[in-house]
Amino acid sequence: PLCVCVCVRVCKHLHFISTLQKIVSSGDQNKDGCLDFNEFTKYLKEHEKKLWLTFKSLDKNDDGRIDSSEIQQSLAELGIDVSREDTLKILQSMDIDGTMMVDWNEWREHFLLCPAHNLEEIIRYWKHSSVLDIGDSIAIPDEFTEEEKSTGGWWKQLVAGAVAGAVSRTGTAPLDRVKVFMQVHSSKANQISLLGGFKQMIVEGGVTSLWRGNGINVLKIAPETAIKFMAYEQYKRLLSSEGAKIETHQRFLAGSLAGATAQTAIYPMEVLKTRLTLRKTGQYAGMFDCAKKILRKEGVKAFYKGYVPNLLGILPYAGIDLAVYETLKNTWLAHYATDSANPGVLVLLGCGTISSTCGQLASYPLALVRTRMQAQASLEPSNQPSMSSLMKKIVAKDGVFGLYRGILPNFMKVIPAVSISYVVYEYMKSGLGISK
């Protein structure tokens, strides 16, 4: 009995030290390894606000107290199934006055010295979800809880996101095709407007030609999503210590590496998509015919034209997308979150749209150069410049704005793409039985 008692005390002592270390790490703003009075006070204020938001989210009937049914319901919404007996044990661990209900004071006293990143309810509402498909899948992958991974909820969410992306891309395919058309063919000497681009494509191939290249654009969603998700999980394990919370910079690096891995694997499909999008009537019988002709005339290297600018574009896109989203999220939580951590659909879609648009704006010149290089073998077989020389050539002929040809239809498709993605994703979640 004495040995057991000593072991229990040692374990509790070690857990307490670990908790203190996490609090110091969360509140230490100047990174000197210590918490001064001001830092500790600020940490407590911010942490108490997060606790209040979580308490309000759990208090479903808004009576100022949390009972066992509310805890069970909230855990079920997070994908965690627990029995009533286990729920009562959870409640009992926080209940001070023996009422089998937890009020705000009991909640705060129980969690005040627990690090903020354990608050799953806030994280749940602010997952930067893959539902927002704007046609350029180089954003950092979604996070899944251990419960979602063990119960299989993760693959249902990936399937729902993939279907939403397919419908969204099909709905905005005409804008995507006119963007590629303007990126490759438009210049100072050959000005192509949005309406002019549509007219040229319809005259050449009819209304259905506006969807050229959409088939392979939809087809590449599945392998890209699967490779990116698996690679992301592996990179996270490599970059973070076991059991530790992954930091934002580690998440950014893991996401960027996962995006690069996925792009490397499916890049030939990207080249095929560009060629099929720009094809003239009767040029190719389909994607397999296109692949055979490229292989026969240009060799295997042609399938990796523009690979370097594509890879370089991942870093500014993913970095700015994540940074802007985190800034918007923290601003909302600091200034507008009063009774709930749930920001609502409009705020979530707005934050996702703005962050994705900022990421696209930063990486667009590299995307344009990539598209030109993918298409150039069919346009200029004798003279195929490198990435740097092509960029210099565009700036010399058309100025800096030449690197942003086609950005209008690119921006125009963001809001409809995000809206379609969200609606289809919600329907898919309901159909696949994913709890909200």
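The values are calculated or read from the model by the stated rules, or taken from the named source; none is laboratory data. What you see is a predicted model; the values in this text were computed from it and never measured. Positions of Cβ are backbone-derived with ideal geometry, glycine not excepted, and every protein chain shown enters the neighbour counts. Areas reflect the complete protein model, heavy atoms only, side chains present, ligands, DNA and RNA absent. Shrake-Rupley method; radii C 1.70, N 1.55, O 1.52, S 1.80 Å.
For the set K56, K188, K50, the ranking by accessible area, highest first and with no ligand, DNA or RNA atoms included, is K188, K50, K56 under a 1.4 Å probe. All other residues whose Cβ lies under 13 angstrom from that of K397 are scored, Lys and Arg at +1 and Asp and Glu at -1, for a net of +4. Among the protein heavy atoms of the range 26-66, carbon and sulfur supply 52% of the accessible surface, probe 1.4 Å, non-protein parts ignored. Heavy-atom accessible area for I96, with the other protein chains in place and a 1.4 Å probe, reaches approximately 110 Å². Excluding P409 itself, what net charge comes from residues whose Cβ is under 12 Å from its Cβ, given Lys and Arg +1 and Asp and Glu -1? Combined, the nearby Lys, Arg, Asp and Glu give +3. One compactness figure for the range 393-436 is 2.01, namely its Cα radius of gyration divided by 2.2 N^0.38 Å. Near T277, once Lys and Arg are set to +1 and Asp and Glu to -1 for all other residues with Cβ below 11 Å from its Cβ, the sum equals +4. Under 19 Å of direct C-alpha separation, and excluding same-chain neighbours fewer than eight residues apart, K397 reaches these lysines: K188.
Computed from the C-beta positions of Q29 and F288, the FRET efficiency with R₀ = 56 Å rounds to 0.45. Only Cα pairs under 8 Å and 6+ residues apart enter the sum, and on that basis the relative contact order of the range 306-404 stands at 39 percent. Each of the peptides 264-272, 87-95, 101-109 was scored by the mean count of other Cβ atoms within 10 Å over its residues; in descending order, highest first, they stand as 264-272, 101-109, 87-95. Expressed as a whole percent, the accessible area of the range 285-436 that falls on carbon and sulfur atoms is 67 (1.4 Å probe).
Each residue of the range 306-404 gets 110 Å³ once the volume of the Cα convex hull is shared out per residue.
Kirkwood hydrodynamic radius for the range 223-306: how many Å is it when counted over pairs of different Cα atoms?
Values: mean 1/r = 0.0672 Å⁻¹.
Its Kirkwood hydrodynamic radius stands at 14.9 Å.
Using the C-alpha atoms of the range 158-255, what convex hull volume per residue, in cubic angstrom, is computed? Each step should come with its number before you reach the end.
Working: hull volume 13.6 nm³, N = 98.
Dividing the Cα hull volume of the range 158-255 by its residue count gives 138 Å³.
Listed by chain and number, the lysines whose C-alpha is less than 22 Å from the C-alpha of K293, apart from same-chain residues fewer than 8 away, are K220, K273, K280, K301, K305. Scattering from the C-alpha atoms of the range 291-356 alone, worked out with Debye: what is log10 I(q)/I(0) at q = 0.13, 0.23, 0.25 1/Å? The computed values of log10 I(q)/I(0) come out as -0.56, -0.94, -1.01. Computed with a 1.4 Å probe over protein heavy atoms only, the accessible area of F252 comes to about 60 Å².
Can you work out the accessible area per residue across the range 306-404, with the rest of the protein chains kept in place, probe 1.4 Å, in square angstrom?
Result: 45 Å² per residue.
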